[in-house]
1. Any residue in region 11-37 that's acidic (D, E): show its pairings with residues that are open to solvent by 30 Å² or more (accessible area, probe 1.4 Å) and not in a strand (DSSP E or B) at Cβ separation under 8 Å, as long as the two are six or more apart or on different chains.
2. Output the helices (runs of 4 or more DSSP H) that fall wholly within region 34-88 and possess 2 or more residues being within 20 Å of A8 (Cα to Cα) and in contact with a strand residue (DSSP E or B) (Cβ under 9 Å, 6 or more places away or on another chain), or say none.
3. Can you tell which of R54, R33 is open to solvent by 50 Å² or more (accessible area, probe 1.4 Å) and in contact with a Ser or Thr (Cβ under 9 Å, 6 or more places away or on another chain)?
4. Any residue at all in region 103-118 that is open to solvent by less than 80 Å² (accessible area, probe 1.4 Å) and touching a residue at least 24 places away in the same chain (Cβ under 8 Å)?
5. Take the conditions within 26 Å of G17 (Cβ to Cβ), of a type outside the set (S, T, N, Q) and at pLDDT below 95 and apply them to H120. Does it pass?
6. Considering each of A56, A8, A46 in turn, give the residue that is aliphatic (A, V, I, L, M), touching a Lys or Arg at 6+ places or on another chain (Cβ under 8 Å) and within 26 Å of A103 (Cβ to Cβ).
7. I'd like the full set of residues that are of a type in the set (A, V, I, L, M, F, W, C), within 22 Å of K90 (Cβ to Cβ) and touching a His at 6+ places or on another chain (Cβ under 9 Å), limited to region 1-34.
8. Say whether the condition of being in a loop (DSSP other than H, G, I, E, B), among the acidic types (D, E) and open to solvent by 100 Å² or more (accessible area, probe 1.4 Å) is met by at least one residue in region 129-149.
Amino acid sequence: MQIAIDEARYGMKHNHGGPFGAIVVKDGNIISRTHNNVLRTNDPTAHAEILAIREASAILGKFDLSDCEIYTSSEPCPMCLAAIYWARIKTVYYGSDKDDVAAIGFDDSLFYRHIQGETHDMTLKLINTEREECLKLLREWSEKSDKQMY
């Protein structure tokens, strides 16, 4: 965990992003170590956990990180949590929690409320369009003989 904290501090001090760091570990060995890079890259998805997963996947040459663990300086936001699920990581060690980071301005409560179905008061409009054409894609995938599920 200390390495994730050190990563967070480095990124914060260099104005790369917020005070968040993460490492991915496999069999006790650090595979990747990163920090939030939202400000440095102008990429709103450049959260520490996302970057750590991307780097670990590239290094290990696989998208299934079920044999890895992730350490993160703070409880993963909904986006990062989804990425952790997609990577099939089974254990997350985290330091501060969502209420701790909300207190300093990183408030994800709107996302949590939306996910839990408690609010639909979002500034985002979801408009379903061209469904039939998109369903054709799903049928093509379903019939594809050499597909690889992930």
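The values are calculated or read from the model by the stated rules, or taken from the named source; none is laboratory data. If you're wondering where the values come from, they're calculated on a predicted model, not measured in any experiment. Note: ideal-geometry Cβ built from the backbone for every residue, glycine included; neighbour counts use all protein chains shown. Note: areas computed on protein heavy atoms with side chains; ligands, DNA, RNA excluded. Shrake-Rupley method; radii C 1.70, N 1.55, O 1.52, S 1.80 Å.
1. Every condition considered, the pairs that remain are D27/D67.
2. In region 34-88, 48-60, 78-86 are the helices (runs of 4 or more DSSP H) which contain 2 or more residues that are within 20 Å of A8 (Cα to Cα) and in contact with a strand residue (DSSP E or B) (Cβ under 9 Å, 6 or more places away or on another chain).
3. R54
4. Among the residues of region 103-118, at least one is open to solvent by less than 80 Å² (accessible area, probe 1.4 Å) and touching a residue at least 24 places away in the same chain (Cβ under 8 Å), which makes the answer yes.
5. no
6. After applying the criteria, what remains is A46.
7. Correct list: A4, F20, A22.
8. Checking region 129-149: at least one residue is in a loop (DSSP other than H, G, I, E, B), among the acidic types (D, E) and open to solvent by 100 Å² or more (accessible area, probe 1.4 Å).
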